[in-house]
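What follows is a short report on a single structure.
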Amino acid sequence: MKNPKFLIIFVVSALMALSLVSFYNSLIGKTQNIEAQWAQVETQYQRRFDLIPNLVESVKGMMEQEKEVFIKIAEARTKYGGARTVEEKVKATGEVESALARLLVVMENYPELRSVENVTQLMDELAGTENRIAVERRRYNELVRDYNTAIKKFPGNLIAGMFGFSERSFFEAAEGAEKAPKVEL
């Protein structure tokens, strides 16, 4: 061996390059997992949006005086359809949830609705969908947490910044979601 320093520099450089490539690829994988999980959240939202018109139509005839609730649901669904970013979709989803909660409160004031088989079946499906949405949101937030942790830890923070990886937003409940809606009849 004529130049052992060259060999040492080469091995160290190769190890650093391999580490860099490995970390970069792991961030790409985490990003793809987050995107896939958000698609799962949206799939459950779509299921909810598919159920809502059926529920509204089943209930509408019996609750003609509650038109405002139906209008709010339609407006919220339209906003979600026009949302482009995750943040816009989260905000629009909050409005859908608020309008849907008002519909459910109103329905509780009409006991005869609970005896209609179609309404009962739709309510059961909607409850199951809401549970699925909660699970998918939780999974999404877990993936975002793992990704954000990876890009904040050293040396990930240096590498992530170098390649343009930035922090992702968690799914958070809409402001005021902790309060039950008030419906006055």
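The values are calculated or read from the model by the stated rules, or taken from the named source; none is laboratory data. Here the structure is a predicted model, which means the values were calculated and not measured. Positions of Cβ are backbone-derived with ideal geometry, glycine not excepted, and every protein chain shown enters the neighbour counts.
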Check your understanding: Hey, any hits in the stretch 118-127 for a residue that's hydroxyl-bearing (S, T, Y), part of a helix (DSSP H, G or I), more than 30 Å from S19 (Cβ to Cβ) and modelled with pLDDT of 80 or more?
Key -> no
Point to revise | Long-range neighbours under 7 Å by Cβ, at least six apart or interchain, first residue within 17 Å of E87 (Cβ to Cβ) and touching a residue at least 40 places away in the same chain (Cβ under 8 Å) within the stretch 131-157, second surrounded by fewer than 17 Cβ atoms within 10 Å (Cβ to Cβ) and of a type in the set (F, W, Y) | key: V144/F170
Check your understanding: When only residues in the stretch 76-117 that are touching a residue at least 24 places away in the same chain (Cβ under 8 Å) and among the acidic types (D, E) count, which is nearest to R47 (Cα to Cα)?
Key -> E97
**Study point:** Residue match in the stretch 120-140 (condition: buried (at least 19 other Cβ atoms within 10 Å of the Cβ) and either aromatic (F, W, Y) or in contact with a Phe, Trp or Tyr (Cβ under 6 Å, 6 or more places away or on another chain) (or both))
**Key:** yes
Review point. Do we have any residue at all in the stretch 73-86 that's assigned to a helix (DSSP H, G or I), in contact with a Phe, Trp or Tyr (Cβ under 7 Å, 6 or more places away or on another chain), among the aliphatic types (A, V, I, L, M) and within 16 Å of N54 (Cβ to Cβ)?
Key: no
Point to revise | F70 hydrophobic (A, V, I, L, M, F, W, C) and under 27 Å from D146 (Cα atoms) | key: no
Review point. Does L103 satisfy being in contact with a Leu (Cβ under 9 Å, 6 or more places away or on another chain), part of a helix (DSSP H, G or I) and hydrophobic (A, V, I, L, M, F, W, C)?
Key: yes
**Study point:** Which numbered condition R47 misses (of (1) touching a Ser or Thr at 6+ places or on another chain (Cβ under 7 Å); (2) basic (K, R); (3) at pLDDT below 80)
**Key:** (3)
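Could you please find all residues in the stretch 85-107 being over 23 Å from F170 (Cβ atoms) and of a type in the set (G, A, S)? Walk me through it before giving the result.
At the first step, the residues of the stretch 85-107 found to be over 23 Å from F170 (Cβ atoms) are 99, 102-107.
If the condition is that a residue be over 23 Å from F170 (Cβ atoms) and of a type in the set (G, A, S), then A99 is the only one that fits.
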